[in-house]
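FYI, it's all coordinate maths here, none of it is from the lab. Just so you know, these numbers come straight off a predicted model, no measurement behind them. As a convention, Cβ positions derive from the backbone with ideal geometry for all residues, glycine included, and neighbour counts pool all protein chains shown.
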Amino acid sequence: MQHTVSLKQNHEFRRLYNRGKSAVSPYFAIYCRKTGRDYSRLGITTGVKLGNAVKRNFVRRRIRALYRTNEAGLQPGYDIVVVARTRAIFGRYADLERSFRQLTRKLGLTLGAPAPAPAPKQRAKENKEADKP
């Protein structure tokens, strides 16, 4: 089993929160940022709102397992932070995995998936004129 490289420093987490791309589901939020390294690093955040230490550690183990089982299908060279939400405690593992895959695909982290293009910005005036016949 391959060892997962972890994010541990507070400034690394803050950099991702401020400058990274994000995607959200009912189970967790994922932040990512390209680093240029030949490997990816994973950080997991479980807030006190999730419950006591036993519940928080349970969620961390589940997220780490999700990452390890899907790591082969993810592009290397990213810093990834997964922020657990309350539903992650009670959700079925299959639902968590489906959600994790959807979010990584949305962020362009999966191999073979192109990075998502940014949405084109339209001015409000152009939108109103387009609606007129």
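Compute the distance in nm between two label points, each set 7 Å from the Cα along the Cα-to-Cβ direction, one at Thr4 and one at Arg105.
My value for the distance between the label points is 2.1 nm.
Within 10 Å, count the other beta carbons around each residue, average over each peptide in 53-59, 79-85, and list them highest first.
Ranking, from highest mean packing down: 79-85, 53-59.
If each of Val24 and Arg37 carries a label point 7 Å out from its Cα toward its Cβ, how far apart are those two points in nm?
2.8 nm
Starting from one equal scatterer on each C-alpha and no solvent at all, send me the Debye-based log10 I(q)/I(0) for region 5-113 at q = 0.16 Å⁻¹, two decimals.
-0.66
Where in region 1-103 are there GluC sites (Glu not before Pro) that are in a DSSP coil and have at most 14 other Cβ atoms within 10 angstrom of their Cβ?
When the GluC sites (Glu not before Pro) of region 1-103 are filtered for loop state and at most 14 Cβ neighbours within 10 Å, nothing remains.
Using a 10 Å cut-off on Cβ atoms, rank the peptides 103-111, 87-95, 24-32 from the highest mean neighbour count down.
24-32, 103-111, 87-95
Pull up all non-local amide H partners of Phe28: gap of 5 or more, or a different chain, and H-to-H distance under 5 Å with H placed in the peptide plane.
The list, which skips near neighbours in sequence, is Arg85.
Work through the residues other than Asn18 whose Cβ is under 12 Å from its Cβ and net out their charges, Lys, Arg +1 and Asp, Glu -1.
The answer is +4.
Tyr67: net charge of surrounding residues, Cβ under 13 Å, Lys/Arg +1, Asp/Glu -1, itself excluded?
Residues near Tyr67 contribute +4 overall.
Once phi is turned into ³J(HN,Hα) by the Karplus curve 6.51 cos²θ - 1.76 cosθ + 1.60 with θ = phi - 60°, what whole-Hz value does each residue of region 60-77 show in order, with x for glycine and proline?
4, 4, 5, 5, 4, 5, 4, 5, 5, 6, 9, 4, 5, x, 9, 5, x, x
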